[in-house]
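Visitor: There's a structure below that I have some questions on.
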Amino acid sequence: MQITFDNSYATLPAQMFTRLDPTPVTTPHLIAINEALAETLCLRMGDDPGDPEIAQVFAGNTVPGGAAPLAQVYAGHQFGQWNPQLGDGRAILLGEVLGPDGMRRDIQLKGAGRTPYSRGGDGRAWLGPVLREYLVSEAMHAIGVPTTRALAAVTTGEPVYREEVMPGAVLTRVAQSHIRVGTFQYFAARQDIGALKALTDHVIARHYPDATGPEDLLNAVVARYAALIAQWMGLGFIHGVMNTDNVSIAGETIDYGPCAFMDIYHPDTVFSAIDQFGRYAYSNQPGIGGWNMAQFATSLIPLMLDQDKAIETFTTAVNTFPDHYRAAWLSVFGAKVGLSKPVEADRNLITDLLALMATDRADFTNTFANLDQPNARDQFINRDAFDEWEKRWRTREPDPALMAKSNPQVIPRNHQVEAVIAAGVAGDFEPFHALLSAVTDPYADLTEARKKYARAPSKDEMVTRTFCGT
């Protein structure tokens with residue numbers, strides 16, 4: 001297997017990372033490899049993607065030539081509480097590759113063993129979170145949401161000890177970069193201006209080449225992050241752990257832990273078992289997004305010569321987040337109801353539908369996927385109220401073709417993901433591959449074989465709590 005690395009993060013100041021190799025495992029076996037993504041990365045795997053040597057690479061047993069393995073350091077606000085040092089506690093960045101599209105991407109092994117930032121953890125991942133992240137990240141990509149990607153998943157042949165003994169696994173994750181708001185916070189908190197400047201210059205060159213300095217960078221990240229959260233909202237997606245160390249500077253969805261898609265719509269929905277007070281509930285995500293951007297802005301202040309002026313201009317930049325978000329939200333939800341050019345008055349139309357969905361406990365995905373179908377009213381208890389709403393909506397002449405490409409028919413529903421994990425733990429990965437095939441073709445018509453993946457869970461199947469797996 002050949003990977004042509006072109007590593008830039010490894011050339012930054014040494015205090016930004018610790019160089020170390022992954023910790024080998026006993027008997028790795030390949031669960032899945034994303035051949036389309038491998039082609040995008042120009043990875044050459046030979047004629048047999050099932051070659052045992054490939055599993056050795058993606059388990060961390062064999063470090064490819066040209067790699068520069070390292071664990072990144074960062075800090076972050078976790079549920080609003082400052083933690084001055086975090087970092088890659090179970091992930092090793094192998095290096096970066098340049099694709100034929102000119103895009104630079106990281107290749108990282110998640111679950112690759114202890115690092116100096118493991119904070120007493122074992123540095124491993126168990127199979128469940130690996131399968132969940134593979135499914136959800138690839139589904140998000142297929143839907144069109146900026147996200148990290150899954151390149152491969154392997155079992156390790158070793159147990160992982162959590163509440164009970166679980167099979168170990170390693171996920172190979174691909175991202176535009178793994179640089180976070182928390183990376184900036186780490187160096188700002190230490191007043192390490194040299195490292196902070198080097199990091200800023202690196203991010204501008206890598207992700208925002210049109211930016212001329214920290215203020216431009218801030219404005220660009222604010223706009224991109226607002227648009228990302230609007231896309232989450234349009235899917236009923238709840239990240240679950242929007243800590244600043246989980247906010248990608250590249251504007252990608254990163255760190256799929258206790259994430260989930262809503263079945264029954266309600267704005268206060270929370271799935272994460274560690275989010276006891278609903279800080280990261282569905283409806284709170286936009287507000288937390290703005291808060292996270294304020295922390296990013298604060299971390300850039302030390303770079304500015306006139307810091308009083310910088311506080312003023314950076315505050316103005318952060319305060320544009322709600323406007324960016326509102327515009328993006330209207331565009332996203334406008335498309336979902338078939339309006340290519342929604343106007344401000346359409347906001348009430350959309351929020352009235354959402355209010356009716358919440359009252360009647362309608363399924364989020366299926367309501368939008370079937371909105372222009374004769375059975376649309378079947379999602380509602382108060383069908384007369386829906387009929388009245390529909391009359392208002394029809395006057396806007398919605399475009400069915402736009403709706404068809406804006407509303408996925410299939411998402412990785414929580415109960416289906418849990419069933420896949422249970423099968424995988426028992427050694428059966430056929431359900432995983434079947435669900436992966438369905439969620440990576442989210443807009444296709446519902447054939448008989450696909451209908452089961454669009455079905456909302458029964459009361460007994462509903463999953464109300466999800467876990468991060470660390």
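Visitor: Identify the single condition in (1) modelled with pLDDT of 95 or more; (2) in a loop (DSSP other than H, G, I, E, B); (3) more than 12 Å from Leu94 (Cβ to Cβ) that Pro49 does not satisfy, given that it satisfies every other one.
Guide: Only one criterion is unmet by Pro49, namely (1).
Visitor: Then there is this: Out of Asp384, Asp428, Asp378, Asp399, I need the residue that is open to solvent by 80 Å² or more (accessible area, probe 1.4 Å) and either at pLDDT 95 or above or closer than 23 Å to Glu138 by Cβ (or both). Which one?
Guide: On the way: Asp428 fails: open to solvent by 80 Å² or more (accessible area, probe 1.4 Å); Asp378 fails: either at pLDDT 95 or above or closer than 23 Å to Glu138 by Cβ (or both); Asp399 fails: open to solvent by 80 Å² or more (accessible area, probe 1.4 Å).
Within the list Asp384, Asp428, Asp378, Asp399, the selection yields Asp384.
Visitor: Taking His239 and the conditions (1) surrounded by fewer than 21 Cβ atoms within 10 Å (Cβ to Cβ); (2) under 30 Å from Asp378 (Cα atoms), which numbered condition does it fall short on, given that it satisfies the others?
Guide: Only one criterion in (1) surrounded by fewer than 21 Cβ atoms within 10 Å (Cβ to Cβ); (2) under 30 Å from Asp378 (Cα atoms) is unmet by His239, namely (1).
Visitor: Pairs only if they're at least six apart or on different chains, beta carbon under 6 angstrom, first in the stretch 10-32 and under 28 Å from Gln185 (Cβ atoms) and of a type in the set (Ser, Thr, Tyr), second open to solvent by less than 40 Å² (accessible area, probe 1.4 Å) and in a strand (DSSP E or B); list them, first residue then second.
Guide: These pairs meet every condition: Thr18/Ala71.
Visitor: What is the residue count in the stretch 148-175 for residues that are under 29 Å from Gly50 (Cβ atoms), open to solvent by 10 Å² or more (accessible area, probe 1.4 Å) and touching a residue at least 40 places away in the same chain (Cβ under 8 Å)?
Guide: If we filter the stretch 148-175 for residues that are under 29 Å from Gly50 (Cβ atoms), which is where we start, we get 148-160, 165-175.
Keeping just the survivors that are open to solvent by 10 Å² or more (accessible area, probe 1.4 Å) gives 149, 155, 157-159, 165-167.
Add one more test, that the residue is touching a residue at least 40 places away in the same chain (Cβ under 8 Å), and what stays is 149, 155, 157-158, 166-167.
Residues that pass the stated criteria total 6.
Visitor: Could I ask something else about it? Output the residue which, of all residues in the stretch 98-132 that are hydrophobic (A, V, I, L, M, F, W, C) and assigned to a strand (DSSP E or B), is farthest from Gly66 (Cα to Cα).
Guide: Quick first cut of the stretch 98-132, residues hydrophobic (A, V, I, L, M, F, W, C) only: 98, 103, 107, 109, 112, 125-127, 130-131.
Among the residues that remain, those that are also assigned to a strand (DSSP E or B) are: 98, 107, 109, 125-126.
Details: Leu98: 13, Ile107: 12, Leu109: 16, Ala125: 25, Trp126: 28 Å.
So, considering only residues that are hydrophobic (A, V, I, L, M, F, W, C) and assigned to a strand (DSSP E or B), the one farthest from Gly66 (Cα to Cα) is Trp126.
Visitor: I've got another one for you. Among the residues of the stretch 442-454, which ones are assigned to a loop (DSSP other than H, G, I, E, B) and either surrounded by 15 or more Cβ atoms within 10 Å (Cβ to Cβ) or aromatic (Phe, Trp, Tyr) (or both)?
Guide: Pro442, Tyr443, Leu446 - these are the residues of the stretch 442-454 that are assigned to a loop (DSSP other than H, G, I, E, B) and either surrounded by 15 or more Cβ atoms within 10 Å (Cβ to Cβ) or aromatic (Phe, Trp, Tyr) (or both).
Visitor: Here's another thing I want to ask about it. Would you check if Glu388 is out of contact with any Ser or Thr (no Cβ under 9 Å at 6 or more places or on another chain) and under 23 Å from Ala169 (Cβ atoms)? Walk me through how you get there before you give the answer.
Guide: Values: out of contact with any Ser or Thr (no Cβ under 9 Å at 6 or more places or on another chain): yes; under 23 Å from Ala169 (Cβ atoms): no.
No, not satisfied.
Visitor: Return the only residue of Gly257, Gly287 being small (Gly, Ala, Ser) and free of Cβ contacts under 8 Å to residues at least 12 places away in the same chain.
Guide: One residue alone meets the criteria, Gly287.
Visitor: Also, quick follow-up: Is at least one residue of the stretch 213-229 modelled with pLDDT of 95 or more, surrounded by fewer than 20 Cβ atoms within 10 Å (Cβ to Cβ) and in a loop (DSSP other than H, G, I, E, B)?
Guide: So far as the stretch 213-229 goes, yes, one or more of its residues are modelled with pLDDT of 95 or more, surrounded by fewer than 20 Cβ atoms within 10 Å (Cβ to Cβ) and in a loop (DSSP other than H, G, I, E, B).
Visitor: Only one of Asp323, Asp352 is touching a residue at least 24 places away in the same chain (Cβ under 8 Å), open to solvent by 50 Å² or more (accessible area, probe 1.4 Å), part of a helix (DSSP H, G or I) and closer than 30 Å to Ala401 by Cα; which? Lay out the reasoning, then the answer.
Guide: Working: Asp323 fails: touching a residue at least 24 places away in the same chain (Cβ under 8 Å).
When all the criteria are applied, what remains is Asp352.
Visitor: Suppose we filter Arg90, Arg105, Arg119, Arg19 for residues that are of a type in the set (Lys, Arg), in contact with an Asp or Glu (Cβ under 7 Å, 6 or more places away or on another chain) and either more than 25 Å from Leu131 (Cα to Cα) or open to solvent by 10 Å² or more (accessible area, probe 1.4 Å) (or both); which single one remains? Give the steps one after another, and end with the answer.
Guide: Values: Arg90 fails: in contact with an Asp or Glu (Cβ under 7 Å, 6 or more places away or on another chain); Arg119 fails: in contact with an Asp or Glu (Cβ under 7 Å, 6 or more places away or on another chain); Arg19 fails: in contact with an Asp or Glu (Cβ under 7 Å, 6 or more places away or on another chain).
None of the other options fit; the residue is Arg105.
The values are calculated or read from the model by the stated rules, or taken from the named source; none is laboratory data. Please read these numbers as outputs of a predicted model, since none were measured by experiment. Glycine also receives a Cβ, built like all others from the backbone with ideal geometry; neighbour counts cover every protein chain displayed. Areas reflect the complete protein model, heavy atoms only, side chains present, ligands, DNA and RNA absent. Shrake-Rupley method; radii C 1.70, N 1.55, O 1.52, S 1.80 Å.
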